[in-house]
Amino acid sequence: MTLHHQPDPEFVGHLERELQSTIRRQCQFENGRPERMNGGRRLRWTTVFVALAAMGIGSAATFAVTQRLAARTAHLIIARSEAILEFANARKEMFLEELREREGLVADGMLTSQEVDAMRLEHAQVKADASARALDVEESRITGRDPDNSLSAPLFGGRDFVTERLELERAVLAQRAAMVEKLASRPGLFQQEVSAMAMEQEAVRAAVAVVDERIALRQDYIDGTRTARQIELADLQFSVGRQRETAELRVAEVQKHLDRMRTLVEGGLASRSEARQVEIEYRAVVLQRDLAVLEMQILEEKLAGP
Amino acid sequence: MKTQQRERSPEDLILVYRETIEKLYAFVSRRAGGSRELAEDVTQEAYLRAMTAWARQGLPDCPLAWLQTVARNLLLNHYRRRQPDRFDGGDVDAALDRKTSNGAETGALVCWGLARISTRHARVLEAYYLDDRPVRDIAEDIGVSERAVEGRLRRARVALRKLLLPHVGTEGDMT
């Protein structure tokens, strides 16, 4: 390097004055503020302890009920659902605390925003999971049985728990779609990144379509326009069809990647072993696609049979 | 980076600033591709963030390392947002040749690549080109042979060229 990397004295002086002014403002602010609790780590450990304690209490309760009230399975099931809910809630709190800490690090510049995006999404997933487990507890309290998540499950206490759980799932997918959209619109993406984003967007769209279709099927069942067997078969057919479409899109994407890699190998810009890895990936996605086609054919045969 | 809660006064913070400004500026400037404006912006932003964070958490064990991490992330963000328009029609190999290139050209190129290639490749490029460290020192630091470092450097350069290929003129410009 031939450059001189010395700061301009004027810049150094200016920055020092600016920092002094920042520090003064902070001191004034702190004087009027109560002392901050050293909360982060302590709260996290407390949450872990609560989660473990909840699990322990839940398990102990479950064991006691099993011994004493063998005939009353309902109590056991409810106790188990409650213990699972406690654990899901504790996990949610832990994630939230961790997320806040990471967001603080983003503000400080120790992490980039992209590094926290995955955690935000995970937190949304954990939050939705806790809400779904709360629905399980409510359903078990009404029925005394394990939650029934099939599309042909009846309403319990006038509530459609199946649709409520599907809507939670859809909300998380919508959040995921928004995040992928945001990442895909970043400037300066390379062709490979653009392809990966396009595949991810397609995967999320496919997942949303499956959930929407299941909500519609469930509605048909509740309205009485289709029988339980009809909607279960339609559900299976739709999800197998979606698997096949996704597999075909993936084959097309990996094919493009493979062609690009071969060009790079010819130009001496990539090694043969790198190209070999992509070839192996290509073979794997082709096999997945063929498997999805077979699944579809088997299902069609079953539907056409007596 | 581990941060210890340490008593600090406004004077301490200014002392830390005076002790670290030249080293931090040099660290940033080597990575700023010859842009004094970028180097000053990043240095200033790193200190402003430090003042906010340190007021909350106390001084870290090694303030310079803390500042360098923040500055590095700020630079990575800057280069991630930026298109590689400066390198249009340029020869990457020539720019990466320590004997013939000028520092600004190499700095911009390497920094742009650092934001986009694997950490393993980025670290070795950073040490060799930006911190001007000889292969022998890098090899000692990461506990491999000099030959292995040279291999990594070669692969990192190939990775950088591959990255720039779709963005820099025609394929002919790159070879």
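The values are calculated or read from the model by the stated rules, or taken from the named source; none is laboratory data. Because the structure is predicted, anything quoted here is derived from the model rather than measured. Cβ sites come from the backbone with ideal geometry, for glycine too, and all protein chains shown count toward neighbours. Protein only, heavy atoms only, side chains kept; ligands, DNA and RNA dropped before computing areas. Shrake-Rupley method; radii C 1.70, N 1.55, O 1.52, S 1.80 Å.
Counting partner chain Cβ atoms within 10 Å of every residue's Cβ in A:84-92, what's the average?
0
Stretched out fully, how many nm does the piece from residue A:205 to residue A:134 gain, at 0.36 nm a residue minus the Cα gap?
Value of the extension gain: 22.9 nm.
Using a ≥ b ≥ c from the Cα gyration tensor of segment A:109-263 (square roots of the eigenvalues), is it rounded, prolate or oblate, where a/c under 1.5 gives rounded and otherwise the larger of a/b and b/c decides, a/b for prolate?
Note, shape of segment A:109-263 comes out oblate.
Please state the charge dipole magnitude for segment A:193-255, taken about the Cα centre, from unit charges on C-beta atoms (+1 on K and R, -1 on D and E), reported in debye and rounded to the nearest 20.
Using only the charged Cβ atoms, the result is roughly 260 debye.
Accessible area lost on pairing B with A, both sides, 1.4 Å probe, Å² to nearest 100?
The B and A chains share an interface burying roughly 4000 Å².
Could you give the distance between the Cα centres of segment B:13-34 and segment A:165-205, to the whole Å?
Comparing the Cα centres of segment B:13-34 and segment A:165-205, I get a distance of 39 Å.
Using a 1.4 Å probe on the protein heavy atoms, what percent of the accessible area of segment A:168-306 belongs to carbon and sulfur?
54
At a 1.4 Å probe, which residues in segment A:103-117 are at least 30 Å² less accessible with all protein chains present than in their chain isolated?
Checking the loss per residue gives A:108, A:109, A:110, A:112.
Stokes-Einstein at 37 °C, 0.692 mPa s, Kirkwood radius from Cα pairs: D for segment A:172-267 in µm² s⁻¹?
It comes out at roughly 209 µm²/s.
To one decimal place, what orientation-averaged projected area in nm² is obtained for the convex hull of the Cα set of segment A:72-111?
The directionally averaged projection comes out at 2.5 nm².
Quote to one decimal, in nm, the extra length available between residue A:6 and residue A:286 on full extension: 0.36 nm per residue of separation minus the C-alpha distance between them.
95.1 nm
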